[in-house]
Amino acid sequence: MKEENPHNRELVRLLREALPRGVTYKHNDMSTKGIPDISVTYRARTIWIEGKFEDDTARIDGGCLTISPTNIDGLQWETLRKMGNGYLCIYTNCGVALTHVNGFRRSVGLLRLRLRSTNAVVKQIVNIVKKGEEEE
């Protein structure tokens, strides 16, 4: 599939190592559009993650990625929004960004997201699924 697949596989591997008592799935159903790529469950709390790869044309400045919500498929955005615990994990050649999806896609302006290492994003996801909150 697209360039995000190797990144998603690595993210799933690292999440399984970081949350050995959790359940992390990589969803592969190519015939059902809109299902997020990854789900992570820990003690009855589940978050959903859609991975996207932004190529070299992405706007990156000062360790931050600026992206338009219109770069994300509308059905995928709406599914993540409705789930309540939906996140976008955006991979670039310069790092990874994670953001919670809330609000209708057309009502959200440009997203400016801090790029981190994959390991830092794994820690962020573990914190979200364990504590229900993000850590800066």
Pairs of lysines 8 or more apart, or on different chains, with alpha carbons under 16 Å: count those in the chain, would you? 7
I'd like to know which of 109, 15, 46 lies farthest towards the positive end of the charge dipole of region 4-131, counting +1 on Cβ of Lys and Arg and -1 on Cβ of Asp and Glu. 46
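Between residue 16 and residue 120, what FRET efficiency comes out of the Förster formula 1/(1 + (r/R0)^6) with R0 = 22 Å and r the beta carbon distance, rounded to 0.05?
Details: r = 17 Å, r/R0 = 0.79.
It comes to 0.80.
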With contacts defined as alpha carbon pairs under 8 Å and 6 or more residues apart, what's the relative contact order of region 4-131 in percent? 25 percent
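Tell me, in nm to one decimal, what length is gained between residue 82 and residue 61 on full extension, where the rule is 0.36 nm per residue of separation less the Cα-Cα distance? Walk me through the numbers on the way to the answer.
Working: separation 21, 0.36 × 21 = 7.56 nm, distance 3.09 nm.
Gain in length upon complete extension: 4.5 nm.
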Top of 123, 82, 33 by mean-square fluctuation, Gaussian network on the chain, Cα under 10 Å: 33
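Read-outs throughout are calculated quantities, based only on the coordinates presented, and are distinct from any laboratory measurement. This is a predicted model, so every value here is computed, not measured. Every residue, glycine as well, gets a Cβ built from its backbone with ideal geometry; the counts of neighbours run over all protein chains shown.
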